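Chemist: Below are the structure tokens for one structure; questions will follow.
The values are calculated or read from the model by the stated rules, or taken from the named source; none is laboratory data. Owing to the predicted nature of the structure, the values given are computational and were not obtained by experimental measurement. So basically every Cβ, Gly included, is an ideal-geometry build from the backbone, and we count neighbours across all protein chains shown. Protein only, heavy atoms only, side chains kept; ligands, DNA and RNA dropped before computing areas. Shrake-Rupley method; radii C 1.70, N 1.55, O 1.52, S 1.80 Å.
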Amino acid sequence: MSHQIFIGKLIQEELRRQQRTVVWLAQALKCNRTNIYKIFHRPNIDTDLLLQISLLLDCDFFRIYSRAFASDRQTPADPVPQHPAE
């Protein structure tokens, strides 16, 4: 896969964009704010947790992965070696 997605950073950026606090997200997820900071430093995340965060922030983080998948699928495949005419 040619795309490196650092989901924790993207969640942090979206939280900031919405001007929401770490405390708000921690309360909404019923966890300690230290856990939220740990999420920000993670390159990947459990899908159930990502769904909860997506719903809370009204942001489809799964779309990021779908776009990366689609982009990778559209890259030309390695050319098939041509055999000389017999």
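Chemist: Touching a Leu at 6+ places or on another chain (Cβ under 9 Å) and open to solvent by 100 Å² or more (accessible area, probe 1.4 Å) - does that describe any residue in region 53-69?
Modeler: No, region 53-69 contains no residue that is touching a Leu at 6+ places or on another chain (Cβ under 9 Å) and open to solvent by 100 Å² or more (accessible area, probe 1.4 Å).
Chemist: Are there any pairs, at least 6 apart or on different chains, whose C-beta atoms fall under 8 Å, with the first in region 28-47 and over 16 Å from Gln4 (Cα atoms) and the second exposed (fewer than 13 other Cβ atoms within 10 Å of the Cβ) and at pLDDT 95 or above, and if so, which?
Modeler: As it stands, the answer is Arg33/Val23, since those pairs meet every condition given.
Chemist: Further question: Residues that are at negative phi and at pLDDT 95 or above: find the helices (runs of 4 or more DSSP H) completely inside the chain holding 1 or more of those.
Modeler: 7-17, 22-29, 33-40, 47-57
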